[in-house]
Amino acid sequence: MINVGVVGSGCWGKILVRNFDELGALHTICDKNPATLKSFQERYPDKQFKTSFEAVLESSSIEAVVIAKKCSKRYLKSFPSSCIGILF
């Protein structure tokens, strides 16, 4: 199984965290908000937690990184419609 780090654990990130955990692939949760990480530590006590994106990238244990970023409609309009399914 691939070890995944999820960066950003807000609205979409918490869904990704849950899904990767259910798949057995979740290794690290990263968020710049310590209070957000604390709530995840209670639910996922056996996972790693980081506040630095760079620390996630430097970890030799993480094989894939998923970035959960708030997405605006303007951002989506900058991609060709054929790519939207690939991105999301």
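Per-structure values
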| read-out | value |
| --- | --- |
| Pick from the stretch 5-30, criterion among the charged types (D, E, K, R) and modelled with pLDDT of 95 or more, ranking: farthest from Ile67 (Cα to Cα) | Glu22 |
| Counted residues, the stretch 22-64 - those being among the acidic types (Asp, Glu) and in contact with a helix residue (DSSP H, G or I) (Cβ under 9 Å, 6 or more places away or on another chain) | 1 |
| Positions within the stretch 1-40 being over 14 Å from Ser52 (Cα atoms) and acidic (Asp, Glu), in sequence order | Asp21, Glu22 |
| Positions within the stretch 1-43 being among the acidic types (Asp, Glu), crowded, with 17+ Cβ neighbours inside 10 Å and part of a helix (DSSP H, G or I), in sequence order | Asp21 |
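The values are calculated or read from the model by the stated rules, or taken from the named source; none is laboratory data. The structure displayed is predicted, hence computed values, not measured ones. FYI the Cβ positions are ideal-geometry reconstructions off the backbone, even for glycines, and counts take in every protein chain you see.
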